[in-house]
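**Q** Below is one structure. I have some questions about it.
Throughout, read-outs are computed from the coordinates displayed, never taken from laboratory work. Since we're looking at a predicted model, the values are computed, not measured. FYI the Cβ positions are ideal-geometry reconstructions off the backbone, even for glycines, and counts take in every protein chain you see.
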Amino acid sequence: MSNYFKILRPGINSTFQDLGRFGFQHLGIAPSGCMDKSLFYLSNKLVGNKASEGALEFAYQGPLLELVGESAFVAVSGKVNFNIINKNGEIKQGASNESFILSSGDKIDILSTINSVYGYFSIFGGFKLDKTKGSISTLVRAKIGSNNGEKLKSEEKIFFNKFSGDVKKNKFKFDFDNDSTIRVMQGLQFDYFSNKSQEDFFSKEYKVTKLTDRMGMRLEGEKLENIKSKNIKSEGITKGSIQVPGDGQPIVLLSDHPTIGGYPKIANVITADYDKLVQKTPGLNLKFKLVDLSIAESAFQDYIASFNNF
Amino acid sequence: MLKKISNIGDCGITCDFGDEVDKKTNKEVIKLFNFIQESVKNKKIKGILNYTPSYNKLIINFDLEEVKSKEVIEFIKSSDYSKTIFSEKNKLVEIPICYDEEFALDIKRLEEKTKMNFDEIVKEHLNTDFFVYMIGFVPGQPFLGDLRKNLYHDRLDTPRVKIDKGSVGIVENFCTIYTFESPGGWNIIGKTPLDLFNIKKKKPSMLSPGDSVKFKSVIKKDLLTFKNE
């Protein structure tokens, strides 16, 4: 009758995401959307979907899903360790960044991302999801979007659209950029920080801590001394802004950020380096490099061009 | 007046209207906000993703694949948005509030600080014509001003872990309404049964930046039987 995946294990933070929900930040709704746009695009490309089709995003450990109904043409993007378990219980290791067919009764067990945080699971024809204000993205903090605004839960069903026509298997050799330099532009309140802190920020290493999720990435390192004012008048937040609260430890604001905030911002991550940043796991050390707008814009052109290789 | 436009990374700009937090400055921000919203709707400018007004700034985010910072800045500089008529875009909303002791958690604290009694504080609050400076932090949460100076108080030293949805709080010259159950440090003076945010509605937030708000006192029975549309 119907085709669906039964969720046997939801994973740590599995949500449906597309490119995000825009035009509502002035009403307090954060953009949300996929954390790693390159991998999101890749997952759709592998199964022949349009680039903006909603995919299942997972972090660290992904879900264990059982296919009920007819076969499905799917792909997992990222550096992901996963298995395919067939009806007879035979286990076969899965290959990421490669499309394949799942048969009825097969289970896909997404065990973990390797030296990275996020991965995507996509299906030809797309998941059956309703758009909320133009997007299927789930914003858990505000209970908005797919799955009633919640993470995946055990025993739930994930429905998908039936595909027709031929499928073309696709494969892509993908690797992460292991370099830990993140390029940034000066933040609006850069001059709130002492000369020493301005230098420290671009010369010392800042460690990714465990207090990191879709909302923000907390870093730990040389204390950044604010010599002007610990608070500013609350202002709109932009993804990738690096704010520094009173304790002097920077926080990078990510896709599910609050819509307004009152902490001074020392820098902003350039768009071309955002995907690379969000894949850095806790414990890794980052180095920030200052660039200007023209460098950021040309880096963006290279970043966009890289999608054409998929 | 728009004082300065600066970049926020490569896909955002901020329009800075100066350091003052007052209605006059905020109205200028909201004029530009209304203009940008209208321009996006009428496809006068492409690639704009979000436009977020706050007390004295408007932050605009855009899609770098569609438009660059220079074009957005030029669009704003070459536009005459001063003619945007303010009142046409904004409305007056009456918000029911119950000031029963059960909901007015910080009334003792406020009585001590303001040297006024409960009834006087309520009267002051009811007599204030509020203006929506901005909405945000969480969906639909309004930041309303201005309270008269005699009601000013600081945030709680230790924020509450849990504040009920609908709670109405004041800090300094501002008043807010919690649209979700959340932690918070505002002085709670009452509670509204009105649902200010509902994602299922065409307009999910009842209030928009620039709207006016007047509170209307209701008894507990009316709070409990109130039906949201």
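**Q** Using a 10 Å cut-off around each Cβ of peptide A:258-266, what is the average number of partner chain Cβ atoms that fall inside? Could you put the intermediate results ahead of the total?
**A** Details: counts 3, 11, 13, 3, 2, 0, 0, 2, 0.
Average neighbour count from other chains, rounded to a whole number: 4.
**Q** Please identify, among A:LEU19, A:LEU27, A:LEU284, the residue showing maximal mean-square fluctuation in a Gaussian network model of chain A using a 10 angstrom Cα cutoff.
**A** Residue with maximal mean-square fluctuation among A:LEU19, A:LEU27, A:LEU284: A:LEU27.
**Q** OK, next. Seen from all sides and averaged, what is the projected area of the convex hull of the Cα atoms in segment A:182-310, in nm²? Show your work: numbers first, answer last.
**A** On the way: hull surface 31.3 nm².
The Cα convex hull of segment A:182-310, projected and averaged over all directions, gives 7.8 nm².
**Q** Next question, about the same structure. Label point 7 Å out from B:ARG155 along Cα-to-Cβ: which residues of segment B:177-213 have amide N under 16 Å?
**A** Hits in segment B:177-213 for B:ARG155 at 16 Å: B:177-178, B:182-188.
**Q** Classify segment A:216-272: rounded, prolate or oblate, from the alpha-carbon gyration tensor (a ≥ b ≥ c, eigenvalue square roots; a/c under 1.5 rounded; otherwise prolate if a/b is larger than b/c)?
**A** Cα axes put segment A:216-272 in the oblate bin.
**Q** Please work out the C-alpha center-to-center distance from segment A:199-255 to segment A:92-163 and express it in whole Å.
**A** Going from one Cα centre to the other spans 31 Å.
**Q** Under the rule a/c < 1.5 gives rounded, and otherwise a/b versus b/c splits prolate from oblate, where does segment B:4-87 land using the Cα gyration tensor?
**A** It comes out oblate by the Cα gyration axes.
**Q** Could you work out, residue by residue across B:52-61, how many beta carbons of other chains sit within 10 Å of that residue's beta carbon, and then give the average as an integer? Provide the component values of the computation, followed by the final result.
**A** On the way: counts 11, 5, 11, 4, 3, 7, 3, 10, 2, 7.
Counting other chains' Cβ atoms within 10 Å and averaging over B:52-61 gives 6.
**Q** If you take all C-alpha pairs in chain A, what percent of them are over 27 Å apart?
**A** Taking all Cα-Cα pairs of chain A, the fraction more than 27 Å apart is 44 percent.
**Q** I've got another one for you. In debye, nearest 20: dipole of segment A:181-307 around its Cα centre with unit charges on the Cβ of K, R (+) and D, E (-)?
**A** In debye, rounded to 20, segment A:181-307 gives about 280.
**Q** Okay, moving on. Hey, what number do you get for chain A at 222 nm if only DSSP H runs of n ≥ 4 count, each worth -39500 (n - 2.57), divided across all residues, to the nearest 500? Don't jump to the answer; show the numbers that get you there.
**A** Working: 5 runs with 44 residues, N = 310.
Calculated at 222 nm, the ellipticity per residue is -4000 deg cm²/dmol.
**Q** Right, something else. Work out the mean other chain Cβ neighbour count within 10 Å for the residues of B:63-69 and drop it here as an integer.
**A** For this peptide, the per-residue mean of nearby foreign Cβ atoms is 3.
**Q** While we're here: What is the packing order of peptides A:64-73, A:290-299, B:136-145, taking the mean over residues of other C-beta atoms within 10 Å and listing the highest first? The partial results should precede the final answer.
**A** Details: A:64-73: 19.0, A:290-299: 15.8, B:136-145: 23.8.
Result, highest mean Cβ count within 10 Å first: B:136-145, A:64-73, A:290-299.
**Q** Size of the dipole of chain B about the Cα centre, Lys and Arg at +1 and Asp and Glu at -1 on the beta carbon, nothing else charged, in debye to 20?
**A** 620
**Q** Among A:PHE5, A:ILE227, A:ASN309, whose Cα projects farthest towards the positive end of the dipole of chain A, with charges put on the beta-carbon of Lys, Arg (+1) and Asp, Glu (-1)?
**A** A:PHE5
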